[in-house]
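Submitted below is the structure of interest, expressed as structure tokens.
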Amino acid sequence: MSMLLEVKELSASYGASRVLQGISFGVEEGSITVLLGANGAGKTTTLRALTGMVRTAGSIRLRGKELCGLNTESIAQLGVAHVPDGRGTFLGLTVEENLQLGAYSRKDKPGVTKDIAQVYELFPRLGERRGQQAGTLSGGEQQMLAISRALMMKPTLLLLDEPSFGIAPLIVKEIFELLKQINREQKVSILLVEQNAAMTLAMSNYAYLLEIGRIVISGPSREIRENEAIRKSYLGS
Ligand code: ATP
């Protein structure tokens, strides 16, 4: 398997305060990769760095192309879709309007209509609520909408910031199952950041653990999950 995303010595700062201390990691083509870490470890900042939203140094290569220094719009056009924390849906717009906005840069109208139909097939609850304002949806449905809106860009890499945050465990399980299906069927590679180690290690291929701006552990998710010492020392379980 080849690498889709290769990150080397990435640092990121807010003003004078450096939050990422030169981290290196990768996302294999076709994989689900997870970046785990506690509150304040730098997970959100890592995704912001990948999408050109904070000041960064180092190298971020997508299929060999350097992204460091590009603006957010150009990075999105190269196929990187970002579902931020807080989800980034437009609460005053309907479900369908949000999906159409996700496809704003696409010229193939029939393709967009087909993809919206595909979203409704994957997430029937969004189909039932297509004319409803996004603000009236439950937290889980809003997360599904945010993911769907990102998929409307037809990305090669989907970045997700804590999709389980504030959502009931059963719905999280459903969302993670759907992410696996999207990964498999639509050939979208996924990088997600999470605090929820147990569930994400079970659904991902490869994992990195971030502690205060540094990667301290990495390996196949299954190995990390089965390693009691790592679990006890780093994951508190
Ligand atoms: P959380 O789960 O709480 O979002 P996280 O792992 O995503 O945690 P980040 O949000 O990336 O962590 O934050 C990492 C560090 O950067 C924290 O110390 C935080 O206080 C700091 N930080 C985050 N955003 C800003 C900002 N806009 N300006 C200054 N410092 C920031």
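Where a number appears in this text, it was derived from the coordinates with a stated rule and is not lab data. In this text the structure is predicted, and so the values were computed from the model without any measurement. Cβ placement follows ideal geometry from the backbone for every residue including glycine, while neighbour counts extend to all protein chains displayed.
What Kirkwood radius, in Å to one decimal, follows from the Cα pairs of the range 97-215?
15.2
Mind pulling the per residue volume of the convex hull built on the Cα atoms of the chain? Å³ is fine.
Numbers: hull volume 28.8 nm³, N = 237.
Here the figure is 122 Å³ per residue.
In a Debye calculation with equal point scatterers on the alpha-carbon sites of the range 188-237 and no solvent, what is log10 I(q)/I(0) at q = 0.18, 0.26, 0.27 Å⁻¹?
For the requested q values the scattering log ratios are -0.52, -1.10, -1.19.
Give the angle, between 0 and 90 degrees and rounded to the nearest 10, that separates the Cα long axis of helix 109-122 from the longest principal axis of the Cα atoms of the chain.
Long axis of 109-122 versus the principal axis of the chain: about 70 degrees.
What does a probe at residue 184 reach in the range 103-127, counting residues whose amide N is under 18 Å from the point 7 Å along Cα→Cβ?
Taking a point 7 Å out along Cα→Cβ of residue 184, the residues of the range 103-127 whose backbone N falls under 18 Å are 119, 121-124.
Let me make sure I get this right: for the range 94-134, a, b and c are the square roots of the gyration tensor eigenvalues over alpha carbons, sorted descending. Under 1.5 in a/c it's rounded, otherwise prolate if a/b > b/c, else oblate. Which is it?
On the way: a/c = 2.86, a/b = 1.44, b/c = 1.99.
Oblate shape, in that a/c is at least 1.5 and b/c is the bigger or equal ratio.
Quantify how much of the Cα-Cα distance distribution of the range 1-109 extends past 19 Å, in percent.
On the way: 3038 of 5886 pairs.
Distances greater than 19 Å cover 52 percent of the Cα pairs.
Run the dipole for the range 38-86 about the Cα centre, Lys and Arg Cβ at +1, Asp and Glu Cβ at -1, nothing else charged, and hand back the magnitude in debye, nearest 20. Could the numbers behind the result be given before it?
Details: 6 positive and 3 negative charges, 30 e Å.
So the magnitude is around 140 debye.
Could you state the number of Å between the C-alpha centres of the range 21-80 and the range 131-160?
20
Counting only pairs 8 or more places apart or on different chains, how many lysine pairs in the chain have C-alpha atoms closer than 18 Å? If you can, show how the numbers build up before the last one.
On the way: 8/43; 8/65; 107/154; 109/154; 114/154; 114/187; 154/180; 154/187.
Value for the chain: 8.
Scan the chain and hand back the longest stretch that contains none of the trypsin sites (Lys or Arg not before Pro) lying in DSSP loops with at most 12 other Cβ atoms within 10 Å. Walk me through the intermediate numbers first.
Details: sites that count: 107, 187.
Here the longest segment lacking exposed loop sites spans 1-106.
Angle, helix 169-185 long axis vs. longest principal axis of the chain, Cα atoms, 0 to 90°, nearest 10?
With rounding to tens, the tilt is 90 degrees.
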